[in-house]
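First up is the structure itself, then whatever we jot down about it.
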Number of protein chains: 2
Amino acid sequence: MSKIAATNGIDVTRLVETIEAIRKEPTLGAFTFRAKSSWQDGTHNVGAIAGFDHAGSKDQTRAAAFVLQGDEPPVLLGSNHGPNAVELLLQALAFCYAVGYAANAAARGIEITHMDYEIEGDLDVRPFLGLEGPRPGFTQIRAKGRVASPNATPEQLEDLCRYVQETSPVKDCLANRVPVETTLEVM
Amino acid sequence: MSKIAATNGIDVTRLVETIEAIRKEPTLGAFTFRAKSSWQDGTHNVGAIAGFDHAGSKDQTRAAAFVLQGDEPPVLLGSNHGPNAVELLLQALAFCYAVGYAANAAARGIEITHMDYEIEGDLDVRPFLGLEGPRPGFTQIRAKGRVASPNATPEQLEDLCRYVQETSPVKDCLANRVPVETTLEVM
């Protein structure tokens with residue numbers, strides 16, 4: 001990473017080169033990401049996130065899969081081996097906002113010295129349990145960011161927050177419909 | 001857990017009692033879940049999932065927060081400290097489907113001896129990078145489940161798969177719009 005061009009730990013020269021390369025050859029923008037899960041017992045599953053495809057080729061940079069535990073708390077019949085699925089969804093939004101903010105701040109020359117997010121979501125489990133109630137998913141998600149910068153005005157930081165919301169992949173997947181095709185193989 | 005009533009590691013007696021309790025007192029269905037993230041450097045963030053609220057009270061069953069690493073791969077300017085946000089979103093769908101399937105199978109007396117999911121999603125990073133292209137989020141998600149049961153027909157297992165899709169909180173958050181309110185505090 002170039003020492004001169006790094007802002008917020010983002011190599012801005014490489015960021016600009018990446019954008020230019022994809023602008024010239026749009027197929028370089030195409031990714032297919034994957035996650036697997038293996039059921040253990042009850043509400044406990046073990047997840048694995050390994051390779052992904054970029055422009056039709058498999059990425060080879062990950063020596064091993066990232067392993068994640070998923071479970072429910074006791075009140076939802078689990079044993080707290082890990083967070084549950086909807087908590088992981090909120091975590092994904094937090095990570096997405098943070099990456100978008102750090103990278104776009106770097107591109108604008110805005111230095112970040114602190115950034116954290118707290119995301120919360122309201123969910124009624126009645127539809128999941130087969131009872132009448134609101135939708136199965138979150139009825140409302142609230143995301144609160146906190147950011148400190150030594151060289152940007154509050155207006156610049158708020159403008160960036162709006163831009164990040166508009167371009168965030170996870171925010172888009174929540175705010176707008178995603179086609180999900182589900183198939184089952186009986187072994 | 002009652003040895004007699006456990007199917008797929010799910011305590012069916014407690015499941016039925018939980019459903020009856022919420023049917024009588026619908027406010028017991030209300031949860032607020034949370035995730036936090038703390039920015040480290042570049043595209044690297046550390047997440048924490050700790051307590052949640054149930055029917056207005058804080059759950060106390062988790063002694064420590066679940067800690068998650070989030071990062072991008074090198075091709076997206078990161079260092080592979082962990083999966084990225086959109087991979088985590090796919091993982092959340094896998095966990096949600098698996099919990100829904102195991103629990104509802106238990107409620108129907110269907111024994112599961114194997115269950116795994118592979119989720120993949122197509123995403124074009126151009127909108128994230130400020131270039132023209134499709135939406136910022138996934139344009140398509142494909143979920144493939146594999147299940148084995150010694151006491152259910154393929155038709156029963158496929159019927160359950162349809163039911164789980166209709167009642168899955170994460171599937172609902174992807175297939176239908178969720179209101180997301182984002183605020184920023186400048187420190």
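Ignoring everything except DSSP H segments at least 4 long, calculate the 222 nm mean residue ellipticity for the protein assembly as shown; use -39,500 (n - 2.57) per segment, divide by total residues, nearest 500.
On the way: 8 runs with 114 residues, N = 374.
Value at 222 nm, helices only: -10000 deg cm²/dmol.
Bin all alpha-carbon pair distances of region A:123-187 at 5 Å intervals from 0 and give each bin's fraction as a whole percent.
Taking all Cα pairs of region A:123-187, the binned fractions are 3, 11, 14, 14, 16, 13, 10, 7, 6, 3, 2, 1 percent.
Sum up the charges of everything whose Cβ sits under 15 Å from the Cβ of residue B:62, counting Lys and Arg as +1 and Asp and Glu as -1, but leave residue B:62 out.
It works out to a net charge of -2.
Starting from the Cα gyration tensor of region B:35-120, take the square roots of the eigenvalues, sort them a ≥ b ≥ c, and report rounded, prolate or oblate (rounded when a/c is under 1.5, otherwise prolate if a/b is larger than b/c, else oblate).
Numbers: a/c = 3.39, a/b = 1.39, b/c = 2.44.
Judged from the Cα gyration tensor, region B:35-120 comes out oblate (a/c at least 1.5, b/c at or above a/b).
Just checking the output field for A:46-57: average partner chain Cβ neighbours within 10 Å of each residue's Cβ? Mind showing how you got there, number by number?
Values: counts 3, 11, 5, 8, 2, 1, 10, 2, 4, 1, 0, 0.
Partner-chain Cβ atoms within 10 Å, mean over residues of A:46-57: 4.
Taking neighbour counts of Cβ atoms within 10 Å as a proxy for exposure, in what order, fewest first, do A:72, A:111, A:120, B:155 appear?
B:155, A:111, A:120, A:72
Between A:67, A:75, A:170, where does the largest GNM mean-square fluctuation fall for chain A, given springs only between Cα atoms within less than 10 Å?
A:75
Can you sort B:144, A:36, B:24 from fewest to most other Cβ atoms within 10 Å of each residue's own Cβ?
Details: B:144 16, A:36 20, B:24 8.
Placing the least packed residue first, the sequence is B:24, B:144, A:36.
Please arrange A:123, A:184 by how many other C-beta atoms lie within 10 Å of their C-beta, fewest to most.
Details: A:123 27, A:184 21.
The most exposed by this proxy come first: A:184, A:123.
Can you list the distances in nanometres, one decimal and ascending, from the residue B:65 label point to the identical position in each other copy, with the point 7 Å along Cα to Cβ?
2.7
In whole Hz, with x marking every Gly and Pro, tabulate ³J(HN,Hα) for region B:170-187 from phi via Karplus 6.51 cos²θ - 1.76 cosθ + 1.60, θ = phi - 60°.
Once θ is set to phi - 60°, the couplings for region B:170-187 become 6, 4, 4, 5, 8, 6, 10, 5, 10, x, 10, 9, 10, 10, 10, 10, 8, 7 Hz.
What is the pair-distance distribution P(r) of the protein assembly as shown, computed from all Cα-Cα distances in 10 Å bins starting at 0, with each bin given as a whole percent?
Answer for the protein assembly as shown: a P(r) of 5, 25, 34, 22, 10, 3, 0 percent.
Please compute the average number of Cβ atoms from other chains found within 10 Å of each residue's Cβ in peptide A:149-161. Can you show the working numbers first?
On the way: counts 2, 0, 0, 1, 1, 3, 1, 1, 4, 3, 0, 1, 4.
Other-chain Cβ atoms within 10 Å of each residue's Cβ, averaged: 2.
By how many degrees, between 0 and 90 and to the nearest 10, does the Cα long axis of helix B:85-107 differ from the longest principal axis of chain B?
Its long axis makes an angle of about 0 degrees.
Tilt of helix A:154-167 relative to the longest C-alpha principal axis of chain A, in degrees (0 to 90, nearest 10)?
50 degrees
Under the convention of a label 7 Å out along Cα→Cβ, give the distances in nm from residue A:134 to the same position in every other copy, shortest first.
Distances to the matching label points in the other copies: 3.0 nm.
For helix B:12-24, report the angle its Cα long axis makes with the longest principal axis of the Cα atoms of chain B; keep it between 0 and 90° and round to the nearest 10°.
So the helix axis and the longest Cα principal axis differ by about 80 degrees.
Past 32 Å, Cα to Cα, is the threshold; run B:36/B:144; A:24/B:171; A:36/A:171; B:58/B:144 against it and keep the listed order. Mind showing how you got there, number by number?
Details: B:36/B:144 30 Å; A:24/B:171 35 Å; A:36/A:171 22 Å; B:58/B:144 36 Å.
From the list (B:36/B:144; A:24/B:171; A:36/A:171; B:58/B:144), the Cα-Cα distance tops 32 Å for A:24/B:171; B:58/B:144.
Can you list the distances in nanometres, one decimal and ascending, from the residue B:23 label point to the identical position in each other copy, with the point 7 Å along Cα to Cβ?
For residue B:23, the inter-copy label distances come out at 6.2 nm.
Values in this text are rule-based calculations from the coordinates and carry no lab data. Here the structure is a predicted model, which means the values were calculated and not measured. Neighbour counts are summed over all protein chains in view; Cβ atoms, including those assigned to glycine, are modelled from backbone coordinates with ideal geometry.
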